[in-house]
1. Residue 29 to residue 182: FRET efficiency via 1/(1 + (r/R0)^6), r the Cβ-Cβ distance, R0 30 Å, to the nearest 0.05?
2. Need the full-extension length gain, residue 191 to residue 45, defined as separation in residues times 0.36 nm minus the C-alpha distance. One decimal, nm.
3. Put a dot 7 Å past each Cα toward the Cβ at residue 128 and residue 88; how far apart are the dots in nm?
4. At 0.36 nm per residue, minus the direct Cα-Cα distance, what do residue 227 and residue 141 gain on full extension? Give it in nm, one decimal, please.
5. What ranking do 146-159, 166-179 get when scored by the average of other Cβ atoms within 10 Å per residue, highest first?
6. Provide 116, 187 in ascending order of the number of other Cβ atoms located within 10 Å of each residue's Cβ, fewest first.
7. Starting from 0.36 nm per residue, how many nanometres of slack lie between residue 72 and residue 173 once their C-alpha separation is accounted for?
8. Find the relative contact order for the stretch 33-78 and round it to a whole percent, using C-alpha pairs within less than 8 Å whose residues are 6+ positions apart.
């Protein structure tokens, strides 16, 4: 668990700048967009800072400092100082092609993803869908940039059927789960007897009992779950 928390610390702080401007008050609580309240930053008016990670009931806190010069922000934890940009109500950091965004709302979804809307009926989800993007650890990655990743999801008759290939040289995995339509989305009963669930359990990353499938405003759908208190999921577009 300490290694996981250390990894999250590195992912959160291995970030550099993006140009912009802003003049709002930066003090208060900020959350790593797309990760709920698992990673929280606190910037105090006296220039001190805290980064708090909460994973599977274990909490880690790191003390640091921050400063703001126009839109340019400097955040320091230990011996590591990072620059960031504060603009339009968000703090943006970037490194090695990965962008990290801090937001005020812990319920903000993945940055760059379409907005989630409530479906009027179950009909909006029925049919066959192709995997388009994967979301994990606050990173939204288009599937065409992930070599060997592909998949389909078919929704019909109260069941969700997956056919997923998770990387070059790996065998396709199939799985079927039951769902019910509730509050504008599908609530999926996760099959804890599946090979994927057993593997996650063996790795100390147990899956939650349920997942959700939600409709996005661009017509895609999002299958999401929680693993070790962290959100992750798959975006699908309707098969032609």
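Since every read-out is calculated from the coordinates, none of them should be taken as a lab result. None of the values given here were measured: they were computed from a predicted structure. Here the Cβ is made from the backbone with ideal geometry for all residues, glycine too, and neighbour counts use every protein chain on show.
1. 0.45
2. 47.8 nm
3. Here the modelled spin labels are 3.8 nm apart.
4. 29.2 nm
5. 146-159, 166-179
6. Taking fewest neighbouring Cβ atoms as first place, the list is 187, 116.
7. In short, 31.7 nm is gained.
8. 26
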